[in-house]
Amino acid sequence: MKLYDTLSRELKEVRINDRSLTMYVCGLTPYSEPHLGHAMKAIVFDVLRRYLEYSGFEVIHVENITDIDDKMINAADQNNTTVTEIAKENTKIYFDQMYALNVLKPHIIPKATEEIETIINIIKTLQEKDYAYAAEGDVYFRVRKSDQYGELSGRSLDGLKSGARVDLNPLKEDPLDFVLWKSKKQEEPSWQSPWGEGRPGWHIECTAMVNRYLGSQIDIHGGGQDLIFPHHENENVQSEAFSSSRPMSNHWVHNGLLRFGDDKMSKSIGNLVSVSDVLSQFSADAVRLFFLTSHYRSPLTFTEEAIASQEAAISRLKNALTPSNKTSSNKVLEINQDVDLFESAMNNDLNTPQALAILFGIVTKINQAKSFGEDIVPAQEVLRKLSKVLGFTLQNDKVLPDNLLSEVLDFTNQIKAKILDSGNTDILHKLSDVVLDDINVGKLDNNKRNAYLVNLLDAITEIRNYLRTNKLYELSDFVRDGLAEMDVVLEDSKDKSFWKYSG
RNA sequence: GGCGACGUAGCCAAGUGGUUUAAGGCGGAGGUUUGCAAAACCUUUAUUCGGCGGUUCGAAUCCGCCCGUCGCCUCCA
């Protein structure tokens, strides 16, 4: 597989030792609820991981939580709570949402506050190697000591300097030096260190975690493009200075940023769309498909319409996986070639749009073969497998709403009345078997209520099918239209009908 | 000011020198199927890739200029 490497600015074969592969992805600073940009990043690297695993690699995936820094402290102050609380809360929300989005959990999720010892040791080594210097309780990284500062983000020290807005900190030897350790101010959380009480600077935690959990050289280092400078630039030079081995990462992989309107989605601009907002409106699969229809390195603009339109595409995908109700031909649908094409698309810098084109091509082939009565079972299995590589659940995650049962019960009575009026009383026993007249619906627990509702809808569907096959169209249309008003859609096939909830 | 990316149909979005007179999805139109629908299938929807020049036997794809949009240079996935 070839992947674009930000450092060398070219596509490079993913090099691996012993079929195992280390991947570090920059995670969350949990000072507020995650936004869709976080979800996009998570899904990009989730698909990368899933595909590498599909290709036979054992991936060790580490994703950090930076649970101490300026923003954490400010957020805690503003909300009148502690850094620990706010970190705990937002981290939980994040991983719950990632679970909902079917994002695989990283194998190791280190937290900055639990790596203080490692961080201190690394800073000490950097100081011994003359890459760092202490000043009044702070420790700074000496940027000019490193030959390759700027190589990752493609900028020069002089260029950075002329770019204005450098902060004038008299403790720094050079304005571009960055802080490794910050001395304690007021009531901030702090830890004991050789330089006095303080806390880690922003970039050092990643160096510590990479080294501790994955070693001094890793295969893939990931994050959003906005992290290239200064975060990854600084992390890169300090890591290499620390370990004296380079490259720190064989691949630096950066996803394009999510935009909203004309700007990127960002906390500082305030144009955020939260993951929970989106998940309350759209299925996880549609959200995922929205991200995967564009290449991971391109910017992508969020619009509700764009995600909404993916719902239809997901239904098509799911529909191709429903069983055939007749297999009359001996011909078995062959799609081996499509699998090859899918893999070459993915091998080409994770080209998910192209891979999706192949996937939908398989959908069309299955649908065609289905109508010819060919054996589509093996092809469906392959389609399911490839869909899983992209992380689709293909579950019907439309939850039946709480009030649906009482609506359906009301409607059931209307159906009864209609049928009685028409004189076709013999049909009614089909309903009577299912409807529990004296049941107290409110007392059922969720599972039972849901099961009851499903049985009821099955029974109504069956009755409607009976009406239809007996050409009682007025009654059967009444049933179908009534269900449609409750967002329950009936679909007829040759000799059976199905219902599905589309709300 | 410095560094970088992008501009493809109504919308989203691949393709980066010839197999492409440009994938795929959404949407639209017509048809098949259906009691009518839904779903599905078939046909159709960019002679053309922001504009103008150039290189080449050949360019959406390479080069130059212009127009437009965006990112990074400050916290950010």
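The values are calculated or read from the model by the stated rules, or taken from the named source; none is laboratory data. Everything numeric in this text was worked out from a predicted model, so none of it was measured. Cβ atoms come from the backbone with ideal geometry, glycine included; neighbour counts cover every protein chain shown. To get the accessible areas, we keep the full protein, side chains included, count just its heavy atoms, and leave off ligands, DNA and RNA. Shrake-Rupley method; radii C 1.70, N 1.55, O 1.52, S 1.80 Å.
Some notes on this structure:
- Relative intensity of region A:95-163 on a log10 scale, I(q)/I(0) at q = 0.21 Å⁻¹, equals -0.94, per a Debye sum over C-alpha point scatterers of equal strength in the absence of solvent.
- Remark: spin-label model distance A:Gln368-A:Glu173 equals 6.9 nm, labels positioned 7 Å along the Cα→Cβ axis.
- When peptides A:302-309, A:405-412, A:195-202 are ranked by their average number of other Cβ atoms within 10 Å per residue, the highest-first order is A:195-202, A:405-412, A:302-309.
- Rel. contact order, % - alpha carbon contacts under 8 angstrom, at least six apart, chain A: 14
- Site pair A:Arg384 and A:Thr293 shows an inter-label distance of 2.6 nm when each label is modelled 7 Å from Cα along Cα→Cβ.
- Rounded D (µm²/s) - region A:282-389, Kirkwood Rh over Cα pairs, Stokes-Einstein at 20 °C, 1.002 mPa s: 146
- Computed over protein heavy atoms with a 1.4 Å probe, the accessible surface of region A:282-389 works out to 45 Å² per residue.
- Placing R0 at 35 angstrom, the Cβ-Cβ distance between A:Asp340 and A:Arg9 gives a FRET efficiency of 0.75 after rounding to 0.05.
- Kyte-Doolittle mean at least 0.0, axial Cα span of 20 Å or more - DSSP H helices of chain A: A:36-54, A:352-371, A:404-422
- Divided by 2.2 N^0.38 Å, where N counts the residues, the Cα radius of gyration of region A:61-184 comes to 1.30.
- Length-normalised contact order of region A:2-264 in % [C-alpha pairs under 8 Å, at least 6 apart]: 24
- Set A:Lys105/A:Lys385; A:Lys111/A:Lys185; A:Lys385/A:Lys448; A:Lys41/A:Lys145; A:Lys129/A:Lys185 screened for pairs whose C-alpha atoms are more than 24 Å apart: A:Lys385/A:Lys448; A:Lys41/A:Lys145; A:Lys129/A:Lys185
- Protein accessible area in region A:282-389, 1.4 Å probe - carbon and sulfur %: 53
- Additional length obtainable on full extension of the chain from A:Arg19 to A:Leu428, 0.36 nm per residue less Cα span: 140.9 nm
- Of all DSSP bridge pairs formed entirely within chain A, close to 50 percent run antiparallel.
- Percentage relative contact order, region A:404-501, counting C-alpha pairs under 8 Å, at least six apart: 26
- Kirkwood hydrodynamic radius of chain A, from inverse mean 1/r over distinct Cα pairs, in Å: 26.4
- The largest-to-smallest principal axis extents of the Cα set in region A:404-501 are 39, 27, 21 Å.
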